[in-house]
Amino acid sequence: MKIALICPSPPDLYAPGVRTLSAYLKKNHHQARLILLAGGTERLRFGGRFVYSYQRHIIDQVIELTRDVDLIGLSFMTQYFDRALQLTKELKQASRKPVVWGGIHPTLCPEEGIAYADMVCVGEGEEALLELMNRMEQGTDYFSTRNFWFRKNGQVVRNEVRPLVEGLDTLPFQDYELGDQYVYDPLKDSIVPLTEKMFEALFSLAPDLDGRLKPCYNIMTSRGCPMNCAFCASSVLKNKLYSHKYVRYRSVENVMQELEQIKARFPSIRIIQFFDDILFSQSKEYIEQLSLEYKRRIGLPFYAQASVTTLTDEKLEYLLDAGLIWVEIGIQSGSDRINAIYRRTVSNSKVLEAANKLNCHKHKMLSPCYHVILDNPWETNEDVLSTLDLILSLPRPYWIKLSSLCLFPKTGVYEKAKQEGLLTNDLEQVYRKPFVYVAGSYLNYLVYLAGFCYFPRSFFRILASSRLVRLFQRDSSNLYFARLYKLTEVVRKGGRAVRALLRGDFGRLAQRIEFLMRARTNW
């Protein structure tokens, strides 16, 4: 039996969910075709908001690529809802192939998904999808397959959720065979077969210690997150869908085997990124073994994510010795009141303690990255100023990554906003909200500028004075600061281009400029 796995994905080709599904189904004697649609969209403005829509020629290509399959699967996140719905309607109109939705958004909102798709997969899909395809191939009744909701004779069949896969080592590595895989090529504005040459050109790029952008491979050593943040879908899965053992880990040997295979297959890879929610949540013994084996068998510089509560001197020292060059940590807010809403009870003093660990060691590293969330509907000016004050207290250098609070379905902040009447239209206020762009406002712009580390702290103390905040933090100024933010971003990226020229990094610079000029905007 053959399935087409379609994924509206980020600009790079990292799609671990569908790649693992594809590998698992192939291992169990089914066929899978991957179609990664990073780009190929146009932005349509409705009611003052942008809606992303696939262009007609892209839709036609997807229809053609699904003519010879038995089942069509779409895996997507909340912000891709419009595109998934458009694809589903077009595919169902063009053929009678059953369409199944999966991924984080359909898992959170199966009652919504089953209104459009024939089936919705709730939770992990490897074992569930294999059982479904086996039953369909054998011609037996499949409407009792666990993890699935079905539409049957005008009724909705809701099956129970099966336990999570505990032994992650039993799962195959991500499918990078590249045969029968297709990707949107922004330079040709078309969906094309994914060749090895093209694949290497579209690897995600990450800076090395020399400042040059280099091909980066993303890997996860675990599934699930130990934290319980009110803004994250992981907390919903852990608290409402799975009663135990939500966080699971792969063995060190299994991780090393994947990295050895991918390193041999794609020798152009120069950086590894551990994409776990929190690599540092692993035990000290695991981190020690991982570090020793990684240094001996892989030997490439790597990135990792940490948290304030899991970052310890011992773990950090092990990983630094193995080649860790960059760490990112979520601090989200400097306000105790806002962090309480987020269910994050770490004090600012603990944040600074962790930051000092990253900046006070003998190993050379890139500036650490701290995640900050803005545009919180419960946030006051004083809360944002507290966040600004925390950022200015961090040891320099650092990099600040901003995001706009998105009220993802079923999360704690979503439920709170619903109860208080702040959220009345999920489609407009959540699904179509780009969380990577913060709103234009004076204080948001100050927080953004604080991430540059170029200006003296006294400069921000003046700009954050109560008089200037009262003058500029008003709705009438928001459009001005939104435009100023965009202008500053152009200047910042232009500065990066100049530095790349000065380093002589012409190949990567030209590649990136051409890609960005022709690629469609994605969130």
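The values are calculated or read from the model by the stated rules, or taken from the named source; none is laboratory data. Note that the structure is predicted; figures quoted are calculated from it, not measured. Neighbour counts are summed over all protein chains in view; Cβ atoms, including those assigned to glycine, are modelled from backbone coordinates with ideal geometry. Note: accessible area is taken over every heavy atom of the protein model, side chains too, but ligands, DNA and RNA are not part of it. Shrake-Rupley method; radii C 1.70, N 1.55, O 1.52, S 1.80 Å.
Among the residues of the stretch 99-121 satisfying the criterion of being in contact with a helix residue (DSSP H, G or I) (Cβ under 6 Å, 6 or more places away or on another chain) and open to solvent by 40 Å² or more (accessible area, probe 1.4 Å), which is farthest from residue 29 (Cα to Cα)? Here the answer is 116. For the stretch 203-246, the set of residues classified as open to solvent by 20 Å² or more (accessible area, probe 1.4 Å), out of contact with any Pro (no Cβ under 9 Å at 6 or more places or on another chain) and either farther than 25 Å from residue 106 by Cβ or assigned to a strand (DSSP E or B) (or both) consists of 207, 210, 211, 212, 223, listed by residue number.
So for the stretch 34-51 (the condition being open to solvent by 30 Å² or more (accessible area, probe 1.4 Å) and at pLDDT 90 or above), does at least one residue qualify? No: zero hits.
This table checks each residue for (1) in contact (Cβ under 8 Å) with a residue 12 or more places away in the chain; (2) among the charged types (D, E, K, R); (3) under 24 Å from residue 133 (Cβ atoms); (4) touching a strand residue (DSSP E or B) at 6+ places or on another chain (Cβ under 9 Å).
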{"site": "54", "(1), (2), (3), (4)": "yes, no, no, yes"}
{"site": "66", "(1), (2), (3), (4)": "yes, no, yes, yes"}
{"site": "83", "(1), (2), (3), (4)": "yes, yes, no, yes"}
{"site": "99", "(1), (2), (3), (4)": "yes, no, yes, yes"}
{"site": "104", "(1), (2), (3), (4)": "yes, no, yes, yes"}
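The listed residues are 124, 90, 131, and the only one of them that is among the acidic types (Asp, Glu) and buried (at least 22 other Cβ atoms within 10 Å of the Cβ) turns out to be 124.
Looking at the stretch 483-497, can you tell me whether even one residue there is farther than 19 Å from residue 382 by Cβ, touching a Gly at 6+ places or on another chain (Cβ under 9 Å) and either open to solvent by less than 50 Å² (accessible area, probe 1.4 Å) or aromatic (Phe, Trp, Tyr) (or both)? The answer is yes, given that some residue of the stretch 483-497 is farther than 19 Å from residue 382 by Cβ, touching a Gly at 6+ places or on another chain (Cβ under 9 Å) and either open to solvent by less than 50 Å² (accessible area, probe 1.4 Å) or aromatic (Phe, Trp, Tyr) (or both).
The sole residue among 335, 347, 404 that is surrounded by 16 or more Cβ atoms within 10 Å (Cβ to Cβ), without any contact (Cβ under 8 Å) to a residue 40 or more places away in the chain and closer than 23 Å to residue 278 by Cβ is 404. Each residue in the stretch 213-251 was checked for being over 23 Å from residue 309 (Cβ atoms), touching a residue at least 12 places away in the same chain (Cβ under 8 Å) and out of contact with any strand residue (DSSP E or B) (no Cβ under 9 Å at 6 or more places or on another chain), and 3 pass.
Determine, yes or no, whether residue 96 is surrounded by fewer than 18 Cβ atoms within 10 Å (Cβ to Cβ), among the basic types (Lys, Arg) and modelled with pLDDT under 95.
Details: surrounded by fewer than 18 Cβ atoms within 10 Å (Cβ to Cβ): yes; among the basic types (Lys, Arg): yes; modelled with pLDDT under 95: yes.
Yes; evaluated as a whole, the condition is true for this residue.
Note on the stretch 155-187: among residues that are within 14 Å of residue 21 (Cα to Cα) and polar (S, T, N, Q), the one that is least open to solvent (accessible area, probe 1.4 Å) is 181.
Hey, among the residues in the stretch 1-12 that are under 14 Å from the mean Cα position of the chain (by Cα) and surrounded by fewer than 21 Cβ atoms within 10 Å (Cβ to Cβ), which one's modelled with the lowest pLDDT? Don't jump to the end; show me each part of the working.
Here is the first cut: in the stretch 1-12, the residues under 14 Å from the mean Cα position of the chain (by Cα) are 7-12.
Going one step further and asking which of them are surrounded by fewer than 21 Cβ atoms within 10 Å (Cβ to Cβ), we end up with 10-12.
Numbers: 10: 62, 11: 58, 12: 64.
Result: 11.
Looking at 22, 75, just one residue is crowded, with 20+ Cβ neighbours inside 10 Å, in contact with a Gly (Cβ under 6 Å, 6 or more places away or on another chain) and polar (S, T, N, Q), and that residue is 75. For the stretch 358-377, a tally of residues being open to solvent by 30 Å² or more (accessible area, probe 1.4 Å) and of a type outside the set (Ser, Thr, Tyr) returns 11. Scanning the stretch 68-79 for residues that are of a type outside the set (Asp, Glu), touching a residue at least 60 places away in the same chain (Cβ under 8 Å) and out of contact with any Lys or Arg (no Cβ under 6 Å at 6 or more places or on another chain) yields 71, 73, 74, 75, 76, 78, 79. Taking the criterion of being under 15 Å from residue 203 (Cα atoms) and open to solvent by 10 Å² or more (accessible area, probe 1.4 Å), the residues of the stretch 247-274 that qualify are 262, 263, 265, 267, 268, 270, 273.
For every residue, the table says whether it meets (1) touching a strand residue (DSSP E or B) at 6+ places or on another chain (Cβ under 6 Å); (2) of a type in the set (Lys, Arg).
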position: 423; (1), (2): no, no
position: 429; (1), (2): no, no
position: 432; (1), (2): yes, yes
position: 439; (1), (2): no, no
position: 460; (1), (2): no, no
position: 467; (1), (2): no, yes
position: 475; (1), (2): no, no
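Looking only at residues of the stretch 407-427 that are open to solvent by less than 50 Å² (accessible area, probe 1.4 Å) and of a type in the set (Val, Ile, Thr), we find that the one that is nearest to the chain's Cα centre (by Cα) is 411.
From the list 273, 289, 282, the lone residue that is polar (S, T, N, Q) and at pLDDT below 95 is 282. Just one of the listed residues (352, 358, 366) is more than 20 Å from residue 230 (Cβ to Cβ), of a type outside the set (Lys, Arg) and modelled with pLDDT of 95 or more, namely 352.
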